[in-house]
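One structure below.
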Amino acid sequence: MAPNRNPSLVSKNLMALHQNSSKCHLVWIVSLTLLVSLHSTARAATRTWTGSVSPDWFIAGNWNPSGVPVPADTVVIPVGVTVDVSKNAAVTGLTLAGNLTGAGTLTLTGTGSWTEGDLTGQLSVASSGQLSITGTAEKRVTRGALINQGKAIWTGSGQIVVLGDGEIRNSGIFEVQNDAKVVFCCVTPPGTFWNLAGGIFRKTKSSGTNVF
């Protein structure tokens, strides 16, 4: 039998093949996107510090559930514990009531709260982040730094004590909604509050006075 040399029929067949191939590619792209999304969602967790192995942030057994926090995670650091962040780390959510130390910087990219404890390490609020500084307990920055590039909202009656070369560096929005004190004291040199270029420091929702 002679082969079919009808140009119109060949063109239609090629077009159908191309359409089917495009649909297959689309299915693969959608499937891959869903897999990546599901994988990212599955990895996000809320991890609470136990410190059952050591003070090291990067030891899986120090967290419940077990596992070193990844950037998508929310972490809870309870009262009375000290966590050593020896190198840079990032989280989406943070509840901080304990102490942070170490040479690394912990960066908050989402929402978090600081209710008490001592920063002898560095806590950074990214431009996408928001930190609520709240509660009646005292917060300390001792030779460490609170670096705000996003938004920090200070409520509650607990004062902030900055000492021993400790620093608060603000290049975002630092909003005060109370009449509490920031105390620079106790050792030489005392701490510093830096309102850097682009930083906004403002007081709202209170007609009283803050003492620095």
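The values are calculated or read from the model by the stated rules, or taken from the named source; none is laboratory data. All values derive from a computational prediction rather than experimental measurement. Every residue, glycine as well, gets a Cβ built from its backbone with ideal geometry; the counts of neighbours run over all protein chains shown.
Checked against (1) under 26 Å from residue 84 (Cβ atoms); (2) surrounded by fewer than 17 Cβ atoms within 10 Å (Cβ to Cβ), residue 139 passes all but a single condition, namely (2). A single member of 100, 94, 32, 106 is at pLDDT below 95, out of contact with any helix residue (DSSP H, G or I) (no Cβ under 6 Å at 6 or more places or on another chain) and not polar (S, T, N, Q), and it is 32.
Of the numbered criteria (1) touching a strand residue (DSSP E or B) at 6+ places or on another chain (Cβ under 8 Å); (2) within 21 Å of residue 145 (Cβ to Cβ), the one residue 87 fails is (1). Quick one: is residue 168 surrounded by fewer than 20 Cβ atoms within 10 Å (Cβ to Cβ), part of a strand (DSSP E or B) and touching a residue at least 24 places away in the same chain (Cβ under 8 Å)? For residue 168, the condition - surrounded by fewer than 20 Cβ atoms within 10 Å (Cβ to Cβ), part of a strand (DSSP E or B) and touching a residue at least 24 places away in the same chain (Cβ under 8 Å) - is not met. Look at (1) modelled with pLDDT under 95; (2) surrounded by fewer than 18 Cβ atoms within 10 Å (Cβ to Cβ); (3) not small (Gly, Ala, Ser) and you find that residue 163 fails only one, number (2). Among the residues of the stretch 60-67, is any touching a helix residue (DSSP H, G or I) at 6+ places or on another chain (Cβ under 9 Å) and more than 30 Å from residue 190 (Cβ to Cβ)? For the stretch 60-67, residues touching a helix residue (DSSP H, G or I) at 6+ places or on another chain (Cβ under 9 Å) and more than 30 Å from residue 190 (Cβ to Cβ): present.
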